[in-house]
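Worksheet: the structure to be examined is printed underneath.
Laboratory data are not the source of any read-out in this text; all were calculated from the coordinates shown. Every value quoted in this text rests on a predicted model; they were computed, and no experiment measured them. Cβ sites come from the backbone with ideal geometry, for glycine too, and all protein chains shown count toward neighbours.
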Ligand code: 6PG
């Protein structure tokens, strides 16, 4: 494990071990938040790597294993499809995790990325977050945990290279057309992501090694800064990798 003052890199010897490490960190975060503050506000991500984590949590942390009743679930991004569509992040999380653990339905907040007016829907989702998620010292909602995945192109949430959402400084949730996908997405912006107490980025697979190396060891001119390279939370930044994804990462990242 390598650490800077707020950044911790944890490397599992396999994707399965990285998923287990992420599950342990997820459980510790939830327990610490509910012990300290009585509730835990978590924003989840789509993707196959987060999917593996949700599956493990559902299989190993059933009733009584975690204070699920104190958990409030949000979504860091969503595709422009109905919530019962197999492409929906909410649909994936519901089938993989939420159908198997006792999170109160009123504590689950799907992101309306298939709304008629996406800008209005994004504003409303942001207002809901501002009302429900306790603010940090800077007045911004501070999630107890924002879970993120990363694509091989370095995108995270639905923040893709070359889109203006990367540079958004005032809106906390925004809707955008993503040219590389040819689709609309709704997503947290970096001001909201970086306001979190803890951001956990989980990345596995050798196809992500190049992006991991650029994100964790950007050159001093930052001219190769990928979207995930902009993650810089006020709280802790935990990066969970498997050996394949970490293979080009230059810092000392010892395997657990
Ligand atoms: C999505 C996610 C996206 C995902 C990454 C990693 O809507 O797909 O929010 O940011 O986390 O693309 O996905 P994989 O783990 O499947 O590579």
Open item on the list: Yes or no: segment 59-77 includes at least one residue that is over 25 Å from residue 136 (Cα atoms) and in contact with a helix residue (DSSP H, G or I) (Cβ under 6 Å, 6 or more places away or on another chain).
Closed with: no
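Would you tally the residues in segment 119-153 being within 10 Å of the ligand (Cβ to nearest atom), farther than 14 Å from residue 189 by Cα and either without any contact (Cβ under 8 Å) to a residue 60 or more places away in the chain or surrounded by 18 or more Cβ atoms within 10 Å (Cβ to Cβ) (or both)?
Keep residues of segment 119-153 that are within 10 Å of the ligand (Cβ to nearest atom), which gives 147-153.
With farther than 14 Å from residue 189 by Cα added as a condition, the list becomes 149-153.
If we keep only those that are either without any contact (Cβ under 8 Å) to a residue 60 or more places away in the chain or surrounded by 18 or more Cβ atoms within 10 Å (Cβ to Cβ) (or both) too, we end up with 149-152.
So the answer is 4.
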- [ ] Please enumerate the residues belonging to segment 61-90 that are more than 16 Å from the ligand (Cβ to nearest atom) and loosely packed, with under 13 Cβ neighbours inside 10 Å.
- [x] 63, 64, 65, 84
TODO: Check residue 26 against each of (1) more than 16 Å from the ligand (Cβ to nearest atom); (2) within 22 Å of residue 141 (Cβ to Cβ); (3) in contact with a helix residue (DSSP H, G or I) (Cβ under 8 Å, 6 or more places away or on another chain); (4) assigned to a helix (DSSP H, G or I) and name the one condition it does not meet.
DONE: (1)
TODO: Kindly check whether there is at least one residue in segment 172-184 that is crowded, with 22+ Cβ neighbours inside 10 Å, over 16 Å from the mean Cα position of the chain (by Cα), touching a residue at least 24 places away in the same chain (Cβ under 8 Å) and under 24 Å from residue 11 (Cβ atoms).
DONE: no
Open item on the list: I need the full set of residues from segment 33-54 which are more than 13 Å from the ligand (Cβ to nearest atom), assigned to a helix (DSSP H, G or I) and in contact (Cβ under 8 Å) with a residue 12 or more places away in the chain, in order please.
Closed with: 33, 34, 37
